[in-house]
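Participant: Provided herewith is a single structure, encoded as structure tokens, for subsequent inquiry.
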Amino acid sequence: MPPSTTNGTAADAAEEYFQTNPPPKALASHQALAREFVQYHHETSPGRRMVLVTSGGTTVPLENQTVRFIDNFSAGTRGATSAEYFLKNGYAVIFLHRQFSLLPYSRHYSHSTNCFLDFMDEDGPEGGVVVRKEYQEKMRRVLEEYHYAKQNRLLLLLPFTTVTEYLFELRGLAEIMRPIGSGALFYLAAAVSDFFIPRERMEEHKIQSREDNTGGVGSGNSRQLVINLDPVPKFLNNLVQSWAPTGSMVVSFKLETDPNLLVAKAEQALQRYQHDLVIGNLLTTRKWEVVFVTRDGGEHWIRVPKTRRSKSFSGIEADIGTAERKHEEHHVDLEGGKVTEGMEIESLIIPELAYLHGETMKQRAEQSA
Ligand code: PMT
């Protein structure tokens, strides 16, 4: 059963949320693009599966004319990387992402860690600009895949910024994907804010630092800013029960920092929302291991072999394995060897998920026969 709120069911709370918070300005144009995308693939390749990948963090604005906002850590690595592997596995991808977070393909050459300028050289005093020799092979591979996705119109990029924008977009896209039926997959990797300031309590203008903040967002003495946040209704229930196409597969993520909680919280989410799969990850090991938790009590760990783990500033390798509860899976780790080329865990997650999606589609076809 979905959790109920003080005023009624979770569905009521979601409905109230949409009525009391304004839709994003870009909603209509995004929906038009998505309709066109769905229709194109539905008509030109009816068997093609389609995935909605959500990616990056949502913001919680403190003012209507926003100067300040609350944010979270997500850079969109999981979503952007997964989108590439979905494309490799034959899916058409709608990529609903936090504006300016990582994007499929360009992620290899963006931000401070992989600044694109470092991959290039000047080609003599009169010449142009070239890609440095040692990077050419990889860049060519990335470029080929990018061009393939673009030429075949397989990737639709739609940005959001705030939690409210995200939720309006999610609802609209799920409804637009209905013609895809069981071929639709929802891969909810975004880190969605759990708390927000309702529109009627939000300050219009920039909160003044020396103002006497009473009521509204802030209260307390003049030098403090005390913010009262309301819980964002849990929308997974609405997605599963009413927005998403009948027979589609819904996969959510669960992020925890305490290894003792991860699997139990993933199971709790599955019971509560009755969807298909929760992929659990710990903040400190998320680049190297994840767990697939299924409704039949399954706990299946996927891990990058030791010699293929790429370095991560925020990751803690010693935490690998600490959240495993059943210890049923035994992975042969290639211990001790020299680190070969880094492997992205999404290269293991997505083929496995594509297989599970295929099995789910078969089961649903049998059930409805
Ligand atoms: O971007 P990276 O740096 O690579 O990080 C990737 C990640 C760690 C953010 C990603 O792998 C991940 O775990 N994402 C989900 C984070 C999380 O735990 O979200 P949550 O516990 O707030 O929500 C769980 C699920 O419920 C999510 O799939 C979300 O879509 C859904 N949800 C959340 C809030 C809400 N109001 N309604 C929802 O339905």
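The values are calculated or read from the model by the stated rules, or taken from the named source; none is laboratory data. Computed from a predicted structure; not experimentally measured. Here the Cβ positions follow ideal geometry from the backbone for every residue, glycine too, while neighbour counts run over all protein chains shown. SASA here: full protein model, heavy atoms, side chains in, ligands and nucleic acids out. Shrake-Rupley method; radii C 1.70, N 1.55, O 1.52, S 1.80 Å.
Participant: Assuming a ≥ b ≥ c are the square roots of the Cα gyration tensor eigenvalues, decide whether region 254-312 counts as rounded (a/c under 1.5), prolate (otherwise, with a/b larger than b/c) or oblate.
Facilitator: Since a/c reaches 1.5 and a/b is larger than b/c, the shape of region 254-312 is classed as prolate.
Participant: Separate question: Determine the calculated [θ] at 222 nm for the chain from helices alone, applying -39500 (n - 2.57) to every DSSP H run no shorter than 4 residues and normalising by the residue count; nearest 500 deg cm²/dmol.
Facilitator: -9500 deg cm²/dmol
Participant: What is the P(r) of region 1-144, as percent of Cα-Cα pairs per 10 Å bin from 0?
Facilitator: Computed distribution, short to long bins: 9, 23, 30, 23, 10, 3, 1, 0.
Participant: Here's a follow-up. Tell me which residues come under 5 Å, amide H to amide H, from residue 253 once H is placed; ignore anything under 5 positions away on its chain.
Facilitator: Long-range HN contacts for residue 253: 188, 279.
Participant: Right, another one. Can you give the net charge of the other residues whose Cβ lies under 11 Å from the Cβ of residue 149, counting K and R as +1 and D and E as -1?
Facilitator: 0
Participant: So for region 22-101, what are the equivalent ellipsoid semi-axes in whole Å, largest first, each being the square root of 5 times an eigenvalue of the Cα gyration tensor?
Facilitator: 29, 18, 6
Participant: What order do you get for 166-173, 69-76 when each peptide is scored by the mean count of other beta carbon atoms within 10 Å, highest first?
Facilitator: Highest mean packing first, the order is 166-173, 69-76.
Participant: Can you give the charge dipole size of region 14-126 about its Cα centre, rounded to the nearest 20 debye, using +1 on the beta carbon of Lys and Arg and -1 on the beta carbon of Asp and Glu?
Facilitator: Details: 9 positive and 12 negative charges, 120 e Å.
In debye, rounded to 20, region 14-126 gives about 580.
Participant: Rounded to whole Å and ordered largest first, report the semi-axes of the equivalent ellipsoid of the chain derived from its Cα gyration tensor (root of 5λ).
Facilitator: Values: eigenvalues 216, 155, 119 Å².
One finds semi-axes of 33, 28, 24 Å for the chain.
Participant: Write down Rg/Rh for region 118-201, rounded to two decimals, with Rg from the C-alpha atoms and Rh from the Kirkwood relation over Cα pairs.
Facilitator: Rounded to two decimals, Rg/Rh equals 1.19.
Participant: I need the calculated FRET efficiency for the pair residue 39 and residue 246, taking r as the beta carbon distance and R₀ as 30 Å, to the nearest 0.05.
Facilitator: Values: r = 18 Å, r/R0 = 0.61.
After rounding, the FRET efficiency stands at 0.95.
Participant: Computing the accessible area with a 1.4 Å probe over protein heavy atoms, can you report the carbon and sulfur percentage for the chain?
Facilitator: 51 percent
Participant: Could you rank the peptides 202-208, 251-257 by their average count of other C-beta atoms within 10 Å per residue, with the highest value first?
Facilitator: Per-residue mean Cβ counts within 10 Å order the peptides as 251-257, 202-208.
Participant: Taking the Cα centre as origin and putting +1 on Lys and Arg beta-carbons and -1 on Asp and Glu beta-carbons, what dipole magnitude results for the chain, to the nearest 20 debye? Mind dumping the intermediate values first?
Facilitator: Details: 40 positive and 47 negative charges, 65 e Å.
Dipole size: approximately 320 debye.
Participant: Exceeding 26 Å between C-alpha atoms, which entries from my cross-link table qualify? They are 88/265; 138/306; 206/254; 150/311.
Facilitator: Where the Cα-Cα span goes over 26 Å, the pairs concerned are 88/265; 206/254; 150/311.
Participant: Compute the accessible area per residue over the chain, keeping the other protein chains in place, probe 1.4 Å, unit Å².
Facilitator: Roughly 53 Å² per residue, with all protein chains present.
Participant: Now for a separate question. If you count, for each residue, the other Cβ atoms within 10 Å and average over each peptide, how do 120-126, 301-307, 182-188, 223-229 line up from highest to lowest?
Facilitator: For the peptides 120-126, 301-307, 182-188, 223-229, the packing ranking is 182-188, 301-307, 223-229, 120-126.
Participant: Moving on to the next point. Protein chains only, probe 1.4 Å: how do 295, 178, 48 rank by accessible area, largest first?
Facilitator: Greatest to least solvent exposure: 295, 178, 48.
Participant: Then there's this: How much net charge surrounds residue 179 when only other residues with a Cβ under 14 Å from its Cβ are counted (Lys, Arg +1; Asp, Glu -1)? Walk me through the intermediate numbers first.
Facilitator: Numbers: positive: 35, 48, 49, 178; negative: 36, 43, 175.
Counting the neighbours of residue 179, the net charge comes to +1.
Participant: Taking 0.36 nm per intervening residue step and subtracting the Cα-Cα distance, what contour gain separates residue 118 from residue 130 on full extension?
Facilitator: Contour length minus Cα-Cα distance gives 3.2 nm.
Participant: Over the alpha carbons of region 217-322, what is the largest minus smallest coordinate on each principal axis, giving the biggest first in Å?
Facilitator: 55, 42, 22
Participant: Give me the net charge for the shell around residue 98: Cβ to Cβ below 15 angstrom, other residues only, Lys and Arg +1, Asp and Glu -1.
Facilitator: Details: positive: 78, 107; negative: 71, 165, 169.
Taking every Cβ under 15 Å from that of residue 98, the sum is -1.
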